[in-house]
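Visitor: Sharing a structure here in structure tokens format.
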Amino acid sequence: MSAVTPKASMKRAQVLAGPRAAAGGSVRSLVKVIRRPATVQSTRPCLGSPSINQYAQGWVPSNTIAVSSRLSQKQKVGSWQIHSTTQEVESASGDSDGDPVGSNQSVEVTLATMEEEEGTTIIVEVDTGRDLLANITTVFHTLGIVVLDGTVTRDRETGRSKQIFTVTEPSGDPIPESEFKKLKGLLLAACASSQDSGQPAIYGVVAAQEAKRLRSTPGSVMAQGQGALQGELLQDQKPSSSLEEAAARGEAAAALELAAAEMAQAAAALVQVERVASELATKLTADSEAEEEVWKQLEQQERQRVEASAVLERRMAAMEAALASRRQFKRQQKIKAEKASEEVPTSPEADIMKQLMAQGGATAVGTGPACGQGYEIFLQAFNWESWRSQVGWYNELATRLDEFKDAGYTAMWLPPPSTSVSEQGYLPTDLYNLNSKYGSEEDLKNLLRRMRERELKSVADIVINHRCASSQKDGKWNQFGGRLAWNESVITCNNPQWGGSGARSTGDEYEAAPNIDHTQEMVRKNLQSWMQWLRQHIGYDGWRFDFVKGYSGHFTREYIDATVPTLAFGEYWDACGYSDGVLDYNQNAHRQRTVDWCDSTGGTSGAFDFTTKGILQEAVAKGEYWRLVDAQGKPSGVLGIWPSRAVTFIDNHDTGSTLNHWPFPSDGLQQGYAYILTHPGTPAIFWDHWEDQTLREVITDLIKLRKKRKLHARSRLKILVARAEFYSAVIDDKVVMKIGPGDWSPNQHPETMMEDSRWEIACSGDNFAVWDRDTQ
């Protein structure tokens, strides 16, 4: 998860609202930036928005801190369309002030849509000061509503609270007026069942103990790995043990129970952090003499809030995976005779989402934390030879950041940071020594600082499956130097050449270096501390895990939970299925192994979609575009099963560059990028391809179109044609694409023809074309 980060010009940041639903439904944090004046003359809040002025003027007292909204002061109040309702609701339990059970409390919900603004404003007021933030944002998350902005204020004298949000549908459009009544009803129901717990820390301890109990229950699915059942239920073919037997064992229920307990624990932790921040804000307005110290505490509290919010989002991702398992089980019970492509999950939430977003083009299923907000576009900012840079690779990248930002990239994957036996960094020695062939530690910190200034996320290449020793014992290289001075006891015992005395590996063996035993708590704590240091001291935002086949995915989840990155994805490079040297059409088993690994991380990590790469390059090279659709009419790679966890790519430093282990056909690169930059999944562009000037122009045009039409990791895809000479598809009913030499136009296809308008070519090149249309 990625917090809203204050710009460099801002002096201070204060949390005024907690989690929010981000693009595609993932939870986000609302951080309000306050410019701190040199001399504080007044504590009266600045209310910049006419909407907030209209509803809050005369209500917010001078001792309440608020912030200006994103809406312009120049907008006319008269252009707002006001929809308001007030309802007396009966509380399910007493509030924190000791009101008796069943006390009446006035809750007012107001919705406003302004013609010239991008979103809908929702205002929730309650007259007792109860904290409804978690309940309100839960409704938003359930419906897939995207929160663009939010403000939470409270009158300390009367206790009345007001919570103001600017929201949109996942497509970026305002909420339709026809859905206001239903949305109000859901918000009122959520407020009626809420209570403001006075002891969130105690509740968090209870939830933590419950989660610990569930994890340790013998035979539980969670004790064997968070995602065991999910991986089983996602298989296209019947699993070895039937779904009925799994349900009888109670594994689905156990998964849901643990996910709920962990989510409650994380939510309680976040509530506690938010309350401390609110108390500090009160001190700031009441005692100007202690202002400097309070600002320091607020900044520390902000860091804790970012981490607590990230943990909560990851728990929600685990809950999403557990619910998906349960829905799949119920669906297969109900519609056994129908094809998988015709099975549509139904639930009250799904019905509401369908009605609420009837005019939107995107799905309401969240991306979760693995690939960020769902709108990420990666640049792999190095190749196999980047270490040879004469000025230092970090310094070279630092001079080109404006170029990457202007092109539309949101994140950059950087090479391994630690000193290494190999120049490229994939045989690390002293993990804490960041003076590598790519530059010094200071060069790296300068690069990351400049990336943050441009809001470019940085992703470190984390190599922790193996580590090279610095000295020998009994003729075997198994004695490590540096801050992590390990010995042979931390090396797995699989390979005798290293003399390791640790446990057997929980994954595949990497032959070139000693494999680390991740089953040891000491090793995991050491690695977590190192990664926390990379996050907090060096400044990285996320992780790319190298060779994740070497150790169990649930260890990866531990490292993610301990370090709360904004992005996380792994390299699960597995061989595709071949028969007599020919790529098999059915690659279900191949992609399922990648899905299973993502699932073993509790859904907290995405993975490179090697299945899509293998099938796509075979289709382009041999004119076999029929390969790009599976038997159920879906994409044939990981993005056809779990698109929010699929990082799609054409080549990387291993498959391409000077290694050239498994390169994409050079004459089909434009087609490859036309595919991944219009389809669901999170696209990653390889450095070598960006450096090709002709290809750069094509990639830039495709990125601009993806961002213009707000295509994302969970965009709705419909494959129109997939035969030998070409492949075509429509994405979110906004973009149509075609790759292959075959002649085809969406203006002549029955499923995309329009009476009142035509599709216009937005981008085209070697054997590809992409069409756009005015969707307003």
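Visitor: Which whole-number value in Å² is the accessible area per residue of the range 531-613, probe 1.4 Å? Don't skip to the answer; put the middle values down first.
Guide: On the way: 2130 Å² over 83 residues.
That works out to 26 Å² for each residue.
Visitor: Sticking with this structure for a sec: From the phi angles alone, apply the Karplus equation (6.51, -1.76, 1.60; θ = phi - 60°) to the range 662-669 and give each ³J(HN,Hα) in whole Hz, x where the residue is Gly or Pro.
Guide: 7, x, 6, x, 4, 7, x, 4
Visitor: Can you give me the accessible area per residue for the range 626-732, using a 1.4 Å probe, in Å²? Before the final figure, lay out each step's value.
Guide: Numbers: 3270 Å² over 107 residues.
Ligands and nucleic acids excluded, the figure is 31 Å² per residue.
Visitor: Among rounded, prolate and oblate, which fits the range 637-683 when a ≥ b ≥ c are the square roots of the eigenvalues of its C-alpha gyration tensor, a/c under 1.5 means rounded, and a/b larger than b/c means prolate?
Guide: Oblate.
Visitor: So if each residue of separation counts as 0.36 nm, and I subtract the Cα-Cα distance between residue 708 and residue 178, what length gain in nm does that give? It would help to have the intermediate numbers written out before the result.
Guide: Values: separation 530, 0.36 × 530 = 190.80 nm, distance 2.64 nm.
Full extension of this stretch gives 188.2 nm more.
Visitor: Just the number, please: carbon plus sulfur as a percent of the accessible area of the range 499-617, 1.4 Å probe, no ligands or DNA/RNA counted. Show your work: numbers first, answer last.
Guide: On the way: 1700 of 3560 Å².
Roughly 48 percent of what the probe reaches on the range 499-617 is carbon or sulfur.
Visitor: Mind giving me the FRET efficiency for residue 718 and residue 118? R0 is 22 Å, r the Cβ-Cβ distance, nearest 0.05 is fine. If you can, show how the numbers build up before the last one.
Guide: Values: r = 27 Å, r/R0 = 1.22.
Efficiency at R0 = 22 Å is approximately 0.25.
Visitor: From largest to smallest, what semi-axes in whole angstrom does the range 500-549 give when each is the square root of 5 times an eigenvalue of its alpha carbon gyration tensor?
Guide: Result for the range 500-549: semi-axes of 24, 14, 8 Å.
Visitor: To continue, here is another question. Highest mean first, how do 599-610, 668-679, 511-522 rank when packing is the count of other Cβ atoms within 10 Å averaged over residues?
Guide: Details: 599-610: 28.7, 668-679: 25.7, 511-522: 18.7.
Going from most to least packed, we get 599-610, 668-679, 511-522.
Visitor: Classify the range 421-533 as rounded, prolate or oblate, taking a ≥ b ≥ c as the square roots of the eigenvalues of its Cα gyration tensor: rounded when a/c is under 1.5, otherwise prolate if a/b is larger than b/c and oblate if not. Write out the running numbers ahead of the final one.
Guide: Working: a/c = 2.38, a/b = 1.94, b/c = 1.22.
Because a/c hits 1.5 or more and a/b exceeds b/c, the range 421-533 counts as prolate.
Visitor: Turning to a different aspect of this structure: Give me, ordered by chain and number, the residues 5 or more places off residue 715 or on other chains with an amide H under 5 Å from its own placed amide H.
Guide: Placed amide hydrogens put 681 under 5 Å from residue 715.
Visitor: How about the range 470-532: which trypsin sites (Lys or Arg not before Pro) there lie in a loop by DSSP and see at most 16 other Cβ atoms within 10 Å?
Guide: On the way: sites: 473, 476, 483, 504, 524, 525; in loops: 483, 504.
When the trypsin sites (Lys or Arg not before Pro) of the range 470-532 are filtered for loop state and at most 16 Cβ neighbours within 10 Å, 483, 504 remain.
Visitor: Another one. Do any of 405/710; 704/734; 181/734; 622/707; 708/738; 476/525 go past 23 Å between their Cα atoms, and which?
Guide: Numbers: 405/710 17 Å; 704/734 14 Å; 181/734 28 Å; 622/707 31 Å; 708/738 19 Å; 476/525 26 Å.
Beyond 23 Å: 181/734; 622/707; 476/525.
Visitor: Rounded to the nearest percent, how much of the accessible area of the range 640-776 (1.4 Å probe, protein heavy atoms only) is carbon and sulfur? Intermediate values should be presented prior to the final figure.
Guide: On the way: 2270 of 5380 Å².
Here carbon and sulfur together make up 42 percent of the probe-accessible area.
Visitor: What order, most packed first, do the peptides 730-738, 181-189, 700-708 have when packing is the mean number of other Cβ atoms within 10 Å of each residue? Provide the component values of the computation, followed by the final result.
Guide: Working: 730-738: 23.2, 181-189: 16.7, 700-708: 18.3.
Packing proxy ranking, top to bottom: 730-738, 700-708, 181-189.
Visitor: Ranked from the most accessible area to the least, with a 1.4 Å probe and all protein chains present, what is the order of 396, 157? Before the final figure, lay out each step's value.
Guide: Values: 396 55, 157 150 Å².
Largest accessible area first, the list is 157, 396.
Visitor: Sticking with this structure for a sec: When the scattering of the range 518-602 is computed by the Debye formula from its Cα atoms alone, each counted once and equally, what is log10 I(q)/I(0) at q = 0.17 Å⁻¹?
Guide: The computed values of log10 I(q)/I(0) come out as -0.74.
Visitor: 5 Å is the cut-off here: which amide hydrogens, built 1.01 Å from N in the peptide plane, fall below it relative to residue 608, excluding neighbours closer than 5 in sequence?
Guide: Hits under the 5 Å cutoff: 570, 572, 647.
Visitor: From the backbone phi of the range 260-268, what are the Karplus-calculated ³J(HN,Hα) couplings (6.51 cos²θ - 1.76 cosθ + 1.60, θ = phi - 60°) in whole Hz, Gly and Pro given as x?
Guide: For the range 260-268, the Karplus curve yields 5, 5, 5, 5, 5, 4, 5, 5, 4 Hz.
Visitor: Here is a follow-up. Can you tell me the equivalent ellipsoid semi-axes for the range 641-762? Use √(5λ) from the Cα gyration tensor, largest first, whole Å. Write down the numbers at each step before the final one.
Guide: On the way: eigenvalues 138, 50, 40 Å².
Output for the range 641-762: semi-axes of 26, 16, 14 Å.
Visitor: With a ≥ b ≥ c taken as the square roots of the eigenvalues of the C-alpha gyration tensor of the range 670-733, please select rounded if a/c is under 1.5 and otherwise prolate if a/b is larger than b/c or oblate if it is not?
Guide: On the way: a/c = 2.21, a/b = 1.37, b/c = 1.62.
Oblate, since a/c reaches 1.5 and b/c is not below a/b.
The values are calculated or read from the model by the stated rules, or taken from the named source; none is laboratory data. These numbers were taken from a predicted model, which means no experiment stands behind them. Neighbour counts run over all protein chains shown; Cβ positions are idealised from the backbone, glycine included. Heavy atoms of the whole protein, side chains included, go into the accessibility calculation; ligands, DNA and RNA do not. Shrake-Rupley method; radii C 1.70, N 1.55, O 1.52, S 1.80 Å.
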